[in-house]
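The values are calculated or read from the model by the stated rules, or taken from the named source; none is laboratory data. As the structure is a computational prediction, the values presented were derived from the model and not from experiment. A quick note on method: Cβ atoms are made from the backbone with ideal geometry, for glycine too, and the neighbour counts reach across all protein chains shown.
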Amino acid sequence: MRNLWVNTDRIGADLDALAAITDPGRPWTRRAFSPRFDQGRDWLRTRFAQAGLRVALDAGGNLIGTRPGTDPDAGTILLGSHSDTVPDGGRFDGVAGVIVALEVARMLDEQGIQLRHTLEVVDFLAEEVSVFGVSCTGSRAMAGVLPDDWLGLIHEGRSLDQAIRDVGGDATARARRDDIRAFLELHIEQGPVLEAEGLDLGIVTAIAGIERIEIVLTGRPDHAGTAPMDRRADALVAAAALVTAIDAEAQARAQGPDHFTATVGEFSIEPGAANVVPGRVRMLIDARAEARPEMEEFLRWIEDRLTALPDGITAESRLLSDNRPTPMNEGLVKQLEVASTNCGASHRRMVSGAGHDAAFVAQIAPSIMIFVPSRDGRSHCLEEFSTTPSIALGAEVIADAVIALDKQKGN
Ligand SMILES: [Zn+2]
């Protein structure tokens, strides 16, 4: 491995400093739209300014540090991720990508490297599901696809519109960007693959599409002691068979070449009493696929299953959300492979099963993500951990790619 130009100790110190800004007694909690989040942002704003970046907020409430390029017409290379966290987890999730972006800017200055492109370091607002129940708020705004009706969502008497204003944005102002020539996001893998295979980096080829499907099964509530076993319409028994079938179907699809998962993560029964045959079940399926046709097959498979339920059981299903898979830019995939090799980082291509800001930025600009290993594949929990050297190596790879992209004609 070549000697790194990025400063590993400085990356480690920044990660520690941001991790220390957490709700008291609750590591590592800095949820969007909370006072703790604002504290984290204040710290970042200071660090951006110390690095010589021009600091501003865009209309979507994203914190942006700018390093002007020499050619005003060359456009912008955007680096970054998000600094907000889920409750009780998120020491590296998002944060690593923001600190790496900052470090790349600092390193370019120290090496005296002037870019043609403007370089921007971004901390996207509210990537995680916030108290308003929605995610990727800032990146959707930057892509011009933040739904208008979201602005009216209310939490504890405050609207999302007001919450974005309170961090310094104005989501009613159209914020869609058209100057971004490339977006590069480093993120922790949040899965076990890189660690298991002993690899330094994952180069993301696509972000899986995500469907949420609500199914309600209705049977007939009856007395648990007097209703004969052969004359029941037990909604839970039918639902249990359905859950098992969904898992088997997903297991089979996961054997194929494309990433596929399906999970029943919410499940409730009514009336929910020991002496009553369950009359109603509600379940929520989270299904994720790299390939859209496979998702459509799965949705048809569910509809077929729902027409073949036991006597007396009826079903209703509803697609609650429908996010298409997002391929990453093929040219950037190749560029990151070259950069990884240049930096001596072992790597593989992989699909992200989790959603990310890059899925939205990809709608307005060529985008790419790289993953660094997560210890035991854990994330969104206290144990979430990635080593500083692995993150620094990722920073070096991003820096190598940025310098190469800056030199390319037509970029
Ligand atoms: Zn994240």
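Worth a mention:
- Cross-chain or 6+ apart pairs with Cβ under 6 Å, the range 221-234 first and touching a residue at least 40 places away in the same chain (Cβ under 8 Å) and under 20 Å from residue 309 (Cβ atoms), then surrounded by fewer than 17 Cβ atoms within 10 Å (Cβ to Cβ) and hydrophobic (A, V, I, L, M, F, W, C): 221/276
- In the range 176-295, counting only strands (runs of 3 or more DSSP E) that sit wholly within it, the ones holding 1 or more residues that are away from the ligand (no atom under 16 Å from the Cβ), over 20 Å from the mean Cα position of the chain (by Cα) and within 28 Å of residue 372 (Cα to Cα) span 180-188.
- Selection of the range 155-210 for residues being at pLDDT below 95 and buried (at least 21 other Cβ atoms within 10 Å of the Cβ) yields only 171.
- Residue within the range 233-245 that is over 19 Å from residue 315 (Cα atoms) and modelled with pLDDT of 95 or more present: no
- Annotation: residue 134 fulfils all but one of (1) within 16 Å of the ligand (Cβ to nearest atom); (2) at pLDDT 95 or above; the unmet one is (2).
- Qualifying positions in the range 74-126 - touching a Phe, Trp or Tyr at 6+ places or on another chain (Cβ under 9 Å), at positive phi and without any contact (Cβ under 8 Å) to a residue 60 or more places away in the chain: none
Conditions tested, residue by residue: (1) touching a strand residue (DSSP E or B) at 6+ places or on another chain (Cβ under 6 Å); (2) farther than 27 Å from residue 145 by Cα; (3) touching a residue at least 12 places away in the same chain (Cβ under 8 Å); (4) within 15 Å of the ligand (Cβ to nearest atom).
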site	(1), (2), (3), (4)
342	no, yes, yes, no
352	yes, no, yes, yes
363	no, no, yes, no
367	yes, no, yes, yes
371	yes, no, yes, yes
381	yes, yes, yes, yes
385	no, yes, yes, yes
389	no, yes, yes, no
399	no, yes, yes, no
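- Applying a threshold of 8 Å to beta carbon distances and a minimum spacing of six or more residues, or different chains, the list of pairs starting in the range 36-53 at a residue that is under 18 Å from residue 90 (Cβ atoms) and ending at one that is buried (at least 17 other Cβ atoms within 10 Å of the Cβ) and small (Gly, Ala, Ser) reads 37/83; 40/83; 41/83; 44/83.
- Close pairs from the range 154-170: first within 17 Å of residue 41 (Cβ to Cβ), partner of a type in the set (Val, Ile, Thr) and assigned to a helix (DSSP H, G or I), Cβ under 8 Å, at least 6 apart: 164/137; 170/164
- Count of residues meeting criterion [small (Gly, Ala, Ser) and under 14 Å from the mean Cα position of the chain (by Cα)] in the range 96-133: 4
- Only strands (runs of 3 or more DSSP E) whose full extent lies in the range 301-411 are considered here, and the ones with at least 3 residues that are within 30 Å of residue 117 (Cα to Cα) and among the β-branched types (Val, Ile, Thr) are 367-372.
- The residues in the range 124-160 that are under 26 Å from residue 79 (Cα atoms) and either charged (D, E, K, R) or part of a strand (DSSP E or B) (or both) can be counted, and the count is 4.
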